[in-house]
Amino acid sequence: MTEKPSRLAAYWERQLDKLDELERRRAAKLPSWRTRRRRRRLALLLGAADLGLVAAAAIFKTAPAWTFFVLWFAVFAVGGVAFGLLRILTGRMNGGFSRLLDEREREWRHRITFVGYQVLIFLMIVAMFYAMAVADRPEGGWRAAMMLSALLVTGTTIPSIVLGWALPDDDPEDFEEGMDHD
Amino acid sequence: MSPVRRGKELPIYNRLAVLRAERGMSRAALANAVEVNPQTIGALERGDHYPSLDLAFRICAVFDLPVEAVFSREPFTPLSTQVYREGGA
């Protein structure tokens with residue numbers, strides 16, 4: 001009976017070690033991109049892609065199908081790339097498990113997830129009113145579902161956008177290993 | 001920008017950069033010793049982050065100094081000034 005939890009705990013520790021290693025490798029990627037200016041540009045690009053998703057959802061079933069698909073997949077691709085790059089450039093605060101974070105990183109995590117949660121609540125209220133507005137129109141159910149999807153995706157990207165916008169430039173001294181001369 | 005609102009009336013100053021330099025210790029080495037990210041040491045030195053009591057004690061243990069020698073509510077005078085003034089020079 002006692003073996004199972006300990007095996008599970010050992011497995012979980014191994015997974016955390018792997019994730020820690022993955023985050024360390026990520027932290028060394030794109031060193032020249034780790035500036036506030038680059039992060040902010042990516043945050044703006046991701047925000048623009050979110051707006052594109054909402055616009056695509058708004059024309060769903062009302063504009064020609066190809067217009068919707070081109071817009072939807074184009075902004076999905078742009079947003080996906082921007083999100084992936086921001087994920088790399090903002091580090092473990094944006095995606096790692098809390099156990100891998102130190103106290104400062106946990107404070108950041110707490111801040112960005114709280115902001116993201118509040119914005120998501122607001123967006124879900126918008127989705128609710130949109131669904132009510134289109135309920136009696138042709139294809140109202142599909143349109144409401146598509147808008148809900150767009151706003152849900154938008155809400156889930158908010159923590160990355162906030163972190164990408166707010167993080168300062170990386171300080172090169174943080175990554176220097178040397179100095180020991182004892 | 002720190003995610004936490006910092007007290008403008010009661011800031012916490014620290015001597016981490018000086019103590020590290022005295023011991024030839026990089027931020028990464030200190031971070032490793034107290035088990036935090038090196039960027040957290042940088043944030044402490046810049047005053048962007050105030051340490052928890054636990055982290056403050058861990059840092060003091062690395063330097064083998066009391067808390068008041070490393071952290072203070074008042075700005076620290078430069079160590080050289082303090083040493084020479086106390087030495088009567």
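The values are calculated or read from the model by the stated rules, or taken from the named source; none is laboratory data. It should be emphasised that the depicted structure is a prediction, and the values quoted were computed from it without experimental measurement. FYI the Cβ positions are ideal-geometry reconstructions off the backbone, even for glycines, and counts take in every protein chain you see.
Structure above, values below:
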read-out	value
Residue tally, condition surrounded by fewer than 13 Cβ atoms within 10 Å (Cβ to Cβ) and closer than 10 Å to B:Leu19 by Cβ, over region B:49-63	0
Members of region A:132-182 that are within 14 Å of chain B (Cβ to nearest Cβ), hydrophobic (A, V, I, L, M, F, W, C) and over 17 Å from A:Ile88 (Cα atoms)	A:Met179
Index of the failed condition, A:Thr90 passing every other in (1) farther than 30 Å from B:Glu35 by Cα; (2) hydroxyl-bearing (Ser, Thr, Tyr); (3) modelled with pLDDT under 95; (4) not in a loop (DSSP other than H, G, I, E, B)	(1)
Residues being in contact with a Phe, Trp or Tyr (Cβ under 9 Å, 6 or more places away or on another chain) and over 22 Å from B:Leu79 (Cβ atoms) - total across region B:14-49	3
Residue match in region A:42-49 (condition: modelled with pLDDT under 95, part of a helix (DSSP H, G or I) and in contact with a Gly (Cβ under 7 Å, 6 or more places away or on another chain))	no
Inter-residue pairs, beta-carbon under 6 Å, first at the interface with another protein chain (Cβ under 7 Å from one of its Cβ atoms) and at negative phi and in region B:34-47, second in a loop (DSSP other than H, G, I, E, B) and modelled with pLDDT of 90 or more, 6+ apart	B:Val36/A:Asp102; B:Asn37/A:Asp102; B:Thr40/A:Asp102; B:Ala43/B:His49
